[in-house]
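What follows is a single structure, written as structure tokens, with notes after it.
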Amino acid sequence: MRIFILFIPFMCLIISCNKKIKTNNVDFKKTIDSLKTELANSNSKVQLLKKEIKIKTEVRKKYQVVYNNEKFSSFFWNFMTDSTFQLERINFPLEYITWKDQLGGDIDTIKLTKEHWKYNSFYINTASERTQIYDNFDLNLRPTNERVIHWYGVETGGDSKYYFSGKNGKWYLIKKEQLGD
């Protein structure tokens with residue numbers, strides 16, 4: 001009987017320990033599974049980040065070449081002062097937007113050829129006009145491969161825009177818009 005009395009508590013102890021071991025094993029397996037899942041998610045995120053970095057690097061390399069134009073102020077000085085240089089740096093036929101028949105009427109787009117281009121020195125000597133050079137076609141200031149020179153008359157109603165684009169390291173006039181008086 002003594003053995004039986006000793007045996008019962010011993011069996012209870014073994015059974016309770018076994019449950020704890022099983023419970024711990026289940027918890028341990030759950031922890032391992034969650035860590036594996038987290039690791040897989042992290043690896044996926046790392047792969048996505050690597051792809052994103054690669055794409056950004058390729059884009060940056062592409063735009064380093066695209067944005068690597070001659071200095072616009074130096075180019076524009078030559079463009080203003082040298083008629084031969086000006087002809088070389090216009091993308092003909094040049095898109096020219098202006099009024100069709102009369103001011104405020106229909107707008108017309110003409111393609112100007114080299115023969116129809118008149119040298120423009122871009123000098124303005126009146127106090128009623130202002131010049132603003134933009135670095136893109138949206139007329140905002142940000143680093144792009146585009147420039148717009150916009151002349152507008154404060155009281156005269158003049159409004160001219162000259163659109164330049166950088167190609168192969170050089171600036172070119174690609175469009176002219178004249179919708180003022």
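Each reported figure results from applying straightforward, stated rules to the coordinates on display, with no laboratory input. Bear in mind the structure is a predicted one, so any value in this text is a computation, not a measurement. Cβ sites come from the backbone with ideal geometry, for glycine too, and all protein chains shown count toward neighbours.
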Using θ = phi - 60° and the Karplus curve 6.51 cos²θ - 1.76 cosθ + 1.60, what whole-Hz ³J(HN,Hα) does each residue of the range 70-84 get, with Gly and Pro shown as x?
4, 5, 4, 5, 5, 4, 5, 4, 5, 5, 6, 9, 10, 5, 5
Sorted by chain and then number, the residues having a modelled amide H within less than 5 Å of the amide H of residue 145, at least 5 places away or on another chain, are none
Step through the residues of the range 156-164 one at a time and calculate ³J(HN,Hα) from phi using the Karplus curve (6.51 cos²θ - 1.76 cosθ + 1.60, θ = phi - 60°), rounding each to whole Hz and writing x for Gly and Pro.
8, x, x, 7, 10, 10, 10, 9, 10
Mind giving me the FRET efficiency for residue 80 and residue 33? R0 is 45 Å, r the Cβ-Cβ distance, nearest 0.05 is fine.
0.05
Karplus-derived HN-Hα couplings along the range 100-111 (A = 6.51, B = -1.76, C = 1.60, θ = phi - 60°), whole Hz, x at Gly and Pro:
5, 10, 9, 4, x, x, 6, 9, 10, 10, 10, 9
Based on the alpha-carbon gyration tensor of the range 72-178 and its eigenvalue square roots a ≥ b ≥ c, which shape applies: rounded if a/c is under 1.5, prolate if not and a/b is larger than b/c, or oblate?
rounded
Pull up all non-local amide H partners of residue 90: gap of 5 or more, or a different chain, and H-to-H distance under 5 Å with H placed in the peptide plane.
173
Charge sum, other residues only, whose C-beta stays under 15 Å from residue 94's C-beta, Lys/Arg counted +1 and Asp/Glu -1:
+3
Taking the Cβ of residue 71 as the centre, find all other residues whose Cβ is under 13 Å away and add up their charges (Lys, Arg: +1; Asp, Glu: -1).
0
